[in-house]
Amino acid sequence: MKLIDGNQIATDIIAELKAEVSTISGRKPCIALIRVGEDPASVSYVRKKEKTAAEIGIKSQIILPPITISHEELAALIEEQNNDDTVDGILIQSPMPKQINELLIFRGISPDKDVDGLGTMNIGKIAQDDETGFISCTPAGIMALLARSDVDLKGKHVVVIGRSLLVGKPVALLALQKKAGANGTVTVCHSGTSNLPEIARHADVLIAAIGRPEFVTKDMVKPGAVIIDVGINRVDDDTKKRGYRLAGDVDFSAVSEIASQITPVPGGVGPMTVAMLMKNTVKAYHQRNAS
């Protein structure tokens with residue numbers, strides 16, 4: 001069994017981006033990071049993104065509207081960023097407060113600055129195999145992990161467990177694309193799937209993104225399969241100082257015995273998300289300046 005080291009692959013990508021940005025003369029790429037309220041997890045995530053951007057040489061513009069901001073006010077704030085020629089990418093940290101319609105807010109980001117890849121235009125471009133689009137960061141990270149681990153999906157049966165807009169749907173489309181590294185035969189499973197374990201057992205590559213701790217057990221995995229575990233769940237554990245442990249959607253200890261390659265949790269898919277956000281921001285800078 002080979003461990004797919006997301007920390008190392010993300011570090012490699014960040015180093016490549018740093019070298020690329022260092023060659024840019026004049027204005028450097030810039031990302032606007034918008035965080036509504038003081039949710040502790042959101043604070044931590046935005047801080048990590050700001051730190052990584054600084055390491056690469058990307059300018060980050062942190063915008064912190066109050067949790068009481070209305071949907072209309074947030075939409076107007078985004079329009080200001082859309083119209084700011086010094087901003088190349090816009091990210092709005094989820095979750096947002098209940099008065100905000102997240103889907104409409106994502107749609108309000110200009111497609112050429114939608115570096116989180118959650119707007120209608122960029123999701124549509126994935127379906128069209130349009131390389132000018134921005135792929136949402138977790139699916140993009142999954143494809144990078146596979147490519148850099150020498151996993152070619154051509155002719156492989158790829159089973160995706162989960163159909164979310166954030167991971168399941170886009171990664172299924174990416175695996176289907178007519179391009180190097182893709183061309184997989186894809187099955188998407190979800191809560192309404194009959195006999196899900198049997199389908200999972202046929203997977204050459206199994207991508208688990210269902211949000212249930214250790215849902216994928218050893219008996220659901222074909223020996224030699226490649227396992228990508230997207231989940232990160234808190235499981236109560238009194239033996240831990242903090243009272244819980246982090247677990248993926250895959251029973252790692254058992255499944256790792258028969259998998260050919262597998263991502264750990266943490267340290268697998270997670271680190272890739274920020275790296276791919278920065279990659280999208282540099283891409284946005286180049287595309288906007290080429291037009």
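The values are calculated or read from the model by the stated rules, or taken from the named source; none is laboratory data. None of these values were measured; they are calculated from a predicted model. Positions of Cβ are backbone-derived with ideal geometry, glycine not excepted, and every protein chain shown enters the neighbour counts.
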| remark: Taking first residues from region 236-260 that are in a strand (DSSP E or B) and second residues anywhere that are among the small types (G, A, S), the pairs with Cβ under 6 Å that are 6 or more apart or on different chains are V250/A208
| query | Which one of these is surrounded by fewer than 18 Cβ atoms within 10 Å (Cβ to Cβ) and either without any contact (Cβ under 8 Å) to a residue 40 or more places away in the chain or closer than 26 Å to P95 by Cα (or both): S191, S136? | reply | S191
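Could you tell me whether D112 is assigned to a loop (DSSP other than H, G, I, E, B), acidic (D, E) and modelled with pLDDT of 95 or more? First the steps, then the outcome.
Numbers: assigned to a loop (DSSP other than H, G, I, E, B): no; acidic (D, E): yes; modelled with pLDDT of 95 or more: yes.
Here the answer is no, as D112 does not meet what is asked.
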| field | When residues of region 65-110 are limited to those that are small (G, A, S) and under 23 Å from the mean Cα position of the chain (by Cα), the one surrounded by the most Cβ atoms within 10 Å (Cβ to Cβ) | value | G89
| said: Please go through region 90-109 and give me each residue that is part of a loop (DSSP other than H, G, I, E, B), free of Cβ contacts under 8 Å to residues at least 40 places away in the same chain and within 15 Å of S70 (Cα to Cα), ordered by number. | reply: K98, Q99, N101
| request: State which residue is surrounded by the most Cβ atoms within 10 Å (Cβ to Cβ) when the search covers only region 225-236 and only residues that are charged (D, E, K, R) and under 29 Å from R201 (Cβ atoms). | output: D229
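Just for region 49-71: of the residues that are in a loop (DSSP other than H, G, I, E, B) and touching a strand residue (DSSP E or B) at 6+ places or on another chain (Cβ under 9 Å), which one is farthest from A275 (Cα to Cα)?
We begin by selecting, within region 49-71, every residue in a loop (DSSP other than H, G, I, E, B); these are 57-58, 64-70.
Remaining after also requiring touching a strand residue (DSSP E or B) at 6+ places or on another chain (Cβ under 9 Å): 58, 64-65.
Details: I58: 12, L64: 22, P65: 25 Å.
If we take residues in region 49-71 being in a loop (DSSP other than H, G, I, E, B) and touching a strand residue (DSSP E or B) at 6+ places or on another chain (Cβ under 9 Å), then P65 is farthest from A275 (Cα to Cα).
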| Across region 237-256, what is the total count of residues that are farther than 16 Å from G270 by Cβ, among the charged types (D, E, K, R) and surrounded by 11 or more Cβ atoms within 10 Å (Cβ to Cβ)? | 3
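Being in a loop (DSSP other than H, G, I, E, B) and not aliphatic (A, V, I, L, M) is the filter; apply it to region 263-287 and report the residue that is surrounded by the fewest Cβ atoms within 10 Å (Cβ to Cβ).
So in region 263-287, the residues in a loop (DSSP other than H, G, I, E, B) come out as 263-269.
After this cut, where a residue has to be not aliphatic (A, V, I, L, M) as well, the list is 263-264, 266-268.
Values: T263: 29, P264: 18, P266: 14, G267: 16, G268: 28.
If we take residues in region 263-287 being in a loop (DSSP other than H, G, I, E, B) and not aliphatic (A, V, I, L, M), then P266 is surrounded by the fewest Cβ atoms within 10 Å (Cβ to Cβ).
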| Can you spot a residue in region 36-51 that is touching a Pro at 6+ places or on another chain (Cβ under 7 Å), buried (at least 19 other Cβ atoms within 10 Å of the Cβ) and in the same structural domain as N82 (by TED's automatic domain parsing)? | yes
| note | Given (1) farther than 18 Å from P266 by Cα; (2) polar (S, T, N, Q); (3) within 20 Å of the chain's Cα centre (by Cα), N233 misses just (1)
| said: I'd like to check something: does region 154-167 contain any residue that is farther than 15 Å from V230 by Cβ, in contact with a strand residue (DSSP E or B) (Cβ under 6 Å, 6 or more places away or on another chain) and either in the same structural domain as L103 (by TED's automatic domain parsing) or assigned to a strand (DSSP E or B) (or both)? | reply: yes
